[in-house]
1. I'd like the residue in region 57-68 that is under 20 Å from the mean Cα position of the chain (by Cα) and in a strand (DSSP E or B) and, out of all such residues, is modelled with the highest pLDDT.
2. Filter region 108-127 down to the residues that are surrounded by 16 or more Cβ atoms within 10 Å (Cβ to Cβ) and either in contact with a helix residue (DSSP H, G or I) (Cβ under 6 Å, 6 or more places away or on another chain) or within 24 Å of LYS41 (Cα to Cα) (or both) and list them by number.
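The values are calculated or read from the model by the stated rules, or taken from the named source; none is laboratory data. Not measured: the values here are computed from a predicted model. Cβ coordinates were reconstructed from backbone atoms using ideal geometry, including for glycine residues, and neighbour counts include every protein chain displayed.
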Amino acid sequence: MVDIALKFLANELTTYLLAQTDAGTGAVQVLLSRLVDDSGKFIVAPGNICLTLLNVEEERNTKSQLPEYTYINGRHVVREPDLKLNLCILFAPNFTAYSDALKYLSSVLLFFQSRPAFTPVEYPALDARITKLVVEFQTLGFEQLSQLWTFVGGKQQLSVVYRVRLLVLQPDTPNTIQPPLATIGTNLQNR
């Protein structure tokens, strides 16, 4: 589900960028990729924007502690609570001209400023299992930026970080299926 959500965001942003630049095939794309290779070199080809996953966090504020009990087709089904996740993502434009990188970074910022939330109703390309994605800008200080790029393993690039809330994961198969209750009896012994 993480891959589906990130591919959706990359595709929507690519569509937006193509509409903004009126460019055809071979124009700027948002590529879901690792940011750097093992030697610390930028992986994404010049003229594109890299979208990479930095971190996955559990959303604990809305976490349910108890399993869900339901009846489906006459069977007692037990499902563990949903796993609710926040994704920390980074967009890094890779352009030879610094002014082009700034232009596309601005486009990323404008895109998410005008579209802070995505639902399957408004965006049919979003998988119906994802009820809503909320994209929030993250401000990083100089020390945090330094730590981020050390963590990534590359030299600092022009970039912006967002938090994507709230991706809900639930296994397709229930945890426990119990047969339906057929009889009700008492087990009282004579006193």
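1. Among those residues, the one meeting the criterion is GLU57.
2. Passing the criteria: VAL108, PHE111, LEU126.
Quick grid of which residues meet (1) of a type in the set (Phe, Trp, Tyr); (2) over 18 Å from LEU102 (Cα atoms); (3) modelled with pLDDT under 85; (4) in a strand (DSSP E or B):
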| residue | (1), (2), (3), (4) |
| --- | --- |
| GLY26 | no, yes, yes, no |
| ARG34 | no, yes, no, no |
| ASP38 | no, yes, no, no |
| VAL44 | no, no, no, no |
| THR52 | no, yes, no, yes |
| ASN55 | no, yes, no, yes |
